[in-house]
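> Take this structure, written in structure tokens, and hold onto it; I'll ask about it next.
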Amino acid sequence: MARHVVAAVGEIPPGGRKLVEVRGRRIALFHVAGEYFALTDRCPHEGGSLCAGRLTGLVRSSEPGRYEYSRPQEMLACSWHGWEFDIRTGQSYCDPESIRARTYAVSVEPGEALAKGPFVAETFPVSVDGQYILVEV
């Protein structure tokens, strides 16, 4: 798979998100607790925007009246019908056996790792002759 630069780290603040397009695909990027996640922007239920969805945590109950809240900001609810997806795996919590939002691998790398040097800029001699600037090419 080809890798694509989609944003600078500073463009997505903690808790933030950004919608990008890569090769005609709309991809939602999320910055959660120092990690970055990427999912298709299209909900597999009926096509709602996942980037516009609400991030929440996972709530579980072992018995009536007892609730455990975990994984804050790792559950993504679709903006249209509220179908929930695990931001790490894309697994649907409405239909976990057959529905999943596509996820994409995300990495953070320094710019120099993407295009290794040494870089050499082409230079041209410049001189000033009277009131005119001359460039030799």
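> Identify all residues within the range 6-31 that are hydrophobic (A, V, I, L, M, F, W, C), part of a loop (DSSP other than H, G, I, E, B) and surrounded by 11 or more Cβ atoms within 10 Å (Cβ to Cβ); write none if there are none.
Our first condition is that a residue be hydrophobic (A, V, I, L, M, F, W, C); within the range 6-31, this holds for 6-9, 12, 19-20, 22, 27-30.
Then drop every residue that is not part of a loop (DSSP other than H, G, I, E, B), which leaves 6-8, 12.
Hits for the range 6-31 are VAL6, ALA7, ILE12.
> Can you report the number of residues in the range 1-41 which are within 20 Å of GLU74 (Cα to Cα), among the hydrophobic types (A, V, I, L, M, F, W, C) and more than 8 Å from the chain's Cα centre (by Cα)?
The total comes to 4.
> Also, quick follow-up: Report the residue count in the range 99-137 for those that are in a strand (DSSP E or B) and at pLDDT 90 or above. Working first, answer last.
Within the range 99-137, the subset in a strand (DSSP E or B) is 100, 103-104, 126-129, 132-135.
Retained after the next criterion (residues that are at pLDDT 90 or above): 100, 103-104.
Of the residues in the range 99-137, 3 are in a strand (DSSP E or B) and at pLDDT 90 or above.
> Could you please let me know if GLU35 is loosely packed, with under 11 Cβ neighbours inside 10 Å, of a type in the set (D, E, K, R) and at pLDDT below 95?
No; evaluated as a whole, the condition is false for this residue.
> Considering the range 84-98 alone, what residues qualify as being within 16 Å of LEU58 (Cα to Cα) and either at pLDDT 90 or above or out of contact with any strand residue (DSSP E or B) (no Cβ under 7 Å at 6 or more places or on another chain) (or both)?
Correct list: GLU84, PHE85, ASP86, ILE87, ARG88, THR89, GLY90, GLN91, SER92, ASP95, PRO96.
The rows are residues; the columns are (1) assigned to a loop (DSSP other than H, G, I, E, B); (2) not aromatic (Phe, Trp, Tyr).
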{"site": "ARG60", "(1), (2)": "no, yes"}
{"site": "PHE85", "(1), (2)": "no, no"}
{"site": "CYS94", "(1), (2)": "yes, yes"}
{"site": "GLU97", "(1), (2)": "yes, yes"}
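> Within the range 20-39, how many residues are under 14 Å from VAL106 (Cα atoms) and either of a type in the set (Asp, Glu) or without any contact (Cβ under 8 Å) to a residue 40 or more places away in the chain (or both)?
Filtering the range 20-39 down to residues under 14 Å from VAL106 (Cα atoms) leaves 20, 22, 27-32, 34-39.
Those still in the list that are either of a type in the set (Asp, Glu) or without any contact (Cβ under 8 Å) to a residue 40 or more places away in the chain (or both) too: 20, 22, 28, 31, 34-35.
The total comes to 6.
The values are calculated or read from the model by the stated rules, or taken from the named source; none is laboratory data. On a predicted model such as this, the values are computed, not experimentally measured, just so you know. Please note: Cβ atoms are built from the backbone with ideal geometry, for glycine as well, and neighbour counts cover all protein chains shown.
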